[in-house]
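Have a look at the structure below before the remarks.
The values are calculated or read from the model by the stated rules, or taken from the named source; none is laboratory data. All of these numbers come straight from a predicted model, not from anything done at the bench. Here Cβ is always computed from backbone atoms with ideal geometry, including for glycine, and neighbour counts include all displayed protein chains. What goes into the accessible areas is simple: the full protein's heavy atoms, side chains included, and nothing from ligands, DNA or RNA. Shrake-Rupley method; radii C 1.70, N 1.55, O 1.52, S 1.80 Å.
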Amino acid sequence: MIPAAKGADAASLGALEGLVAAVVVLAPLERPLSYLVPANLAAQARPGMRVRVPLGRRQALGVVLQVAPGAARELRPMLAVLDAEPLLNPDLLAFLQRCAAYYHHPLGEVLRTALPAGLAGLEAGVGILAERYYRATPGDAMPRGARQRELLTWLRARGEVPLSGITAAFPAPYALLKRLAEQGLLSVREGEKRRDPFFAQPVAEDVRPDPTPDQQRALAALLGQVAARHFSPFLLHGVTGSGKTEVYLRAIAAVLEAGRQALVLVPEIALTPQLVGRFRARFQHSPHGVAVLHSGLSDGERYDAWRAIARGEAQIVIGARSAVFAPLPDPGIIVVDEEHEGSYKQGEGLRYHARDLALLRGQMAGALVVLGSATPSLTSFYRTRSAGMGYLPLAARVLDRPLPEVRLVDLSGRRLDGALAPELRDALGENLARREQSVLLLNRRGFAPYLLCRECGATFRCPNCEITLTYYQANRRLRCHYCDFAQRPPEQCPGCGGRQIEPEGTGTERLEEELATAFPAARIARMDRDTTSRKGAHQHLVGAMEQGEIDILVGTQMVAKGHDFPGVTLVGVIGADAGLNFPDFRAAERTFALLTQVAGRAGRGAQPGRVFIQTYAPTHHAVACAARHDYLAFYEEELAFRRELGYPPFGHLVNLVLSGAQPLRVEQGAAAVAEELRRAESAVEILGPAPCPLFRLRGKTRVQILLKAAARAPLHQLLGLVQTVRRKLPRTLNLAVDVDPLDML
Ligand code: ADP
Ligand code: ZN
């Protein structure tokens, strides 16, 4: 039963029978509400459309779930239908309902997360624009003028092209178009404009290498499933440089051929310009074929892309995690590239994992799902043994290129003059002399991780978050990496009045300086969140690396992300163990992945690569296995450890995080929640409450309760109780439910 929206008005009281719509209001409500569909909207209101409805004394945005005749007495009427055609198809609505149930999150909030910004609010003013579309008429007649011929040939290669697409390639084409149309060589139609920023960008040349034997085997397995139309999940485990992208491209081509669409998830669009470029190059003949859901799109561009996807015009959709909600009518393949990446997990609100949802969506749609990585997550790797996921290894690099040789530089007991060990510095010098490129990873931004008073030992902490402030030398600032608090560094220690305040440790900014001193002639660039915050800055760096305009690229984990720079022959890692000390059972998994990924940037071209890893823990299995490229040994050891402790993939976790401004209130609230859950006496182990590792964040105190169970069913049952408990908490406390948490900071 769907409860009625309260407070009927006089106009609707008279109607006993009528059309009733179940509407999911985009608000934290647990159930859909019923509204009367007034006669003038009866023809328009259909499932999947956005509507404006009254909610209490205000108006709200909702999405119609279903429409049926019913008892309309006391129902309030909906006010307006906002879309001309459904934005969400029935399959997608069903998928979103499953998401809400799995993550124990209100359906209205799930919809708000799924809809692109600009469509999820009433204030959104995005409208539909009109545009002209041109198409060459069949035949091969040629006009006289050279420019006319050029334009016509271009159009013939592309099918239908909107005016904006033509003007991006041919400045001021209007007279040419008019003349071509007069000769009957073109047809013109008026259609909806699709604002697409990628039209203006040049498309790279398509390279179609012959598949390697590994690629052929993987493709045979994938293509064998295309016709079946049932759920077939695969893990494409390809070492770095083994050509995973080519496998995606060919599998996708086969799915398009079968009349279905493709969804491609990438960790972060802005950081993967090369991958997006290869997709556009391969599928450029259909100008609207590839839709890129970029976080930099304007609301209008996003709205247009969404509608084009919903109509099935965009055959390939590429986007970051939220693209898992894109409204493809019939996705036949879902690719999750770099499936091990943490950015697939949303850290707040609906805390979903896009890779897990890709599997769920693939299951509901009867689609191929391809998870690709050189360092698969333990969870996905284990699924190939336990849960019927196919395993497709690409064990060798393309063209028989060797994996790089890795050398561990043991730092224990050594004192370095700076951040670079002499071995690595010498190797950099050699590389410069040979005019080959180098990449250095240091997973720490800024000049120094903290400032220290030499006299009393004081450091400087963020007033909102219990962590030290990072020192930036270039603009003389102390900054918090969590809340963006910033201040000028004090001249004098506020504690003891001392004047000897000095930066301690090394971040990327300082490493860049050290390199500039050591190699004055080298062209050095830095890639981290600070240097790439401006739009296009990251792409610019990637382009400069490709062109060989940079000798040494320094950066945080960003430099490890999937780049294909054939000129890089040396990779250095400074401080490989920093991540191992994290209070998190996945610390080793992350470190192994990061080291393997960054090492994989070396030797992808004709010259072989070398890697130097500076470490204090050379025998730790995450470091030692990465150095040997021995992922199987790493997985076996790590799986044994997880099994012993009942951690994923052998057990399931839910993290409950309570937060609020007043520490005492938060602790009391958490104690009450834990007590209530313990009283339920289920098979779930309840750990805590305990302070979160980040105990204070953005001015809020945070306490967590960890739920752990061998099976999912009792966990979900207990979470039902959490919803009841939540209602008893004071309003000043926030209780977040994190199903399958990725980190517990
Ligand atoms: P991965 O993602 O597995 O690290 P990529 O997909 O980036 O690798 O491919 C690495 C490089 O190898 C790319 O430049 C790609 O064009 C090239 N490549 C892919 N497949 C082949 C092949 N069969 N033969 C030759 N080169 C290939
Ligand atoms: Zn802070």
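Some observations on this one:
- A 1.4 Å probe over all protein chains sorts LYS244, LYS178 by accessible area into LYS178, LYS244, starting with the largest.
- Loop-located GluC sites (Glu not before Pro) in region 605-706 (DSSP state other than H, G, I, E, B) with a sparse environment of at most 12 neighbouring Cβ atoms within 10 Å: GLU681.
- Residues ARG189 and PHE485, FRET efficiency given R0 of 56 Å [Cβ-Cβ distance, rounded to 0.05]: 0.55
- For the chain, the carbon plus sulfur part of the accessible surface works out to 51%, probe radius 1.4 Å.
- A DSSP coil position with no more than 11 other Cβ atoms inside 10 Å describes the following trypsin sites (Lys or Arg not before Pro) in region 380-416: ARG414, ARG415.
- Loop GluC sites (Glu not before Pro), region 8-112 (other Cβ atoms within 10 Å of the site Cβ: 15 or fewer; DSSP): GLU30
- Sequence-distant residues sharing a close amide H with ARG698 (under 5 Å, placed H): CYS465
- Under 14 Å, Cβ to Cβ, from ALA354 - net charge with Lys/Arg +1 and Asp/Glu -1: -2
- Highest mean first, the peptides 46-55, 475-484 sorted by other C-beta atoms within 10 Å per residue fall in the order 46-55, 475-484.
- Full-extension gain in nm, VAL203 to LYS535, via 0.36 nm per residue minus C-alpha separation: 117.6 nm
- Shape call, the chain: gyration tensor on alpha carbons, a/c limit 1.5: oblate
- Remark on the chain: CYS99, CYS483, CYS625, CYS692 stand apart, with no other cysteine beta carbon under 4.7 Å.
- Each other residue within a Cβ distance under 13 Å of ASP630 adds +1 if Lys or Arg and -1 if Asp or Glu, for a net charge of -2.
- DSSP beta bridge pairing in region 213-399, given as percent antiparallel to the nearest 5: 5 percent
- Sequence-distant contacts, meaning Cα pairs under 8 Å at least 6 residues apart, place the relative contact order of region 129-193 at 58 percent.
- Of all DSSP bridge pairs formed entirely within region 18-138, close to 95 percent run antiparallel.
- Directionally averaged shadow of region 10-119, computed from the convex hull of its alpha-carbon atoms, nm²: 6.8 nm²
- Alpha-carbon centroid distance for the pair region 339-374 / region 504-556, whole angstrom: 32 Å
- Solvent-accessible area per residue, Å², over the chain with all protein chains present [probe radius 1.4 Å]: 44 Å²
- FRET efficiency for GLU150 and ASN734, using Cβ-Cβ distance with R0 set to 45 Å, rounded to 0.05: 0.15
- For a straight C-alpha distance cut-off of 30 angstrom, the lysines reachable from LYS345 (same-chain residues fewer than eight places away being disregarded) are LYS244, LYS535, LYS561, LYS700, LYS708, LYS728.
- Region 480-562 - percent relative contact order, Cα under 8 Å, separation 6 or more: 26 percent
- Gyration tensor (alpha-carbon) shape descriptor, region 257-337, a/c threshold 1.5: rounded
- Each Lys or Arg adds one and each Asp or Glu takes one away; over the other residues whose Cβ falls under 13 Å from the Cβ of GLY277, this sums to -1.
- HIS716 - accessible surface, heavy atoms, 1.4 Å probe, Å² rounded to 10: 50 Å²
- When the square roots of the Cα gyration tensor eigenvalues are ordered a ≥ b ≥ c, the ratio a/c for region 129-193 is 1.5 or more and a/b exceeds b/c, which makes its shape prolate.
- Where both bridge residues fall in the chain, DSSP classifies roughly 55% of the beta bridges as antiparallel.
- Phi-based couplings in Hz for region 399-407 (Karplus 6.51, -1.76, 1.60; Gly and Pro marked x): 6, 6, 6, x, 5, x, 7, 10, 10
- Region 558-587 residues near the modelled GLU546 label - backbone nitrogen below 14 Å, point 7 Å along Cα→Cβ: 563-567
- Percent RCO, i.e. relative contact order, over the chain, from Cα pairs under 8 Å lying at least 6 residues apart: 10 percent
- Once the Cβ-Cβ distance of ALA220 and TYR391 is raised to the sixth power relative to R0 = 22 Å, the FRET efficiency obtained is 0.95.
- LEU745 - accessible surface, heavy atoms, 1.4 Å probe, Å² rounded to 10: 40 Å²
- Alpha carbon centroid spacing (whole Å) that separates region 692-707 from region 381-412: 36 Å
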